[in-house]
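Worksheet: the structure to be examined is printed underneath.
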Amino acid sequence: MSEVFTVEEVNLMCIFDTSGRATLIRQLSAAVPDYGEQGLAEITESVIDRLSDMSDDDFCALELNPEYEEHDGEQEV
């Protein structure tokens with residue numbers, strides 16, 4: 001599988017329902033108009049494009065686990 005997502009992109013996807021590629025694409029697409037920040041909208045559109053181009057099998061192989069930064073032994077969400 002050639003699609004590699006950044007930590008930020010994975011964390012973005014994990015906010016939504018990742019049980020299926022089509023569901024995730026629908027939810028991401030619905031959220032874009034609500035974003036006040038252009039950068040976030042652009043990242044979301046890029047993720048949608050790459051998800052649209054991949055197969056369901058490739059999507060199922062993705063490890064969609066959010067990553068958290070740790071500071072002084074505590075996790076920051």
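Where a number appears in this text, it was derived from the coordinates with a stated rule and is not lab data. Just so we're clear, the structure is a prediction, and the values are computed from it rather than from any experiment.
What to note about this one:
- Calculated mean residue ellipticity, 222 nm, the chain: -16000 deg cm²/dmol, from DSSP H runs (n ≥ 4) at -39500 (n - 2.57) each, averaged per residue and rounded to 500.
- Pairwise Cα distances in segment 7-67 exceed 16 Å in 38 percent of cases.
- Dividing the mean sequence gap of close Cα pairs (under 8 Å, 6+ apart) by how many residues segment 7-67 holds gives a relative contact order of 49 percent.
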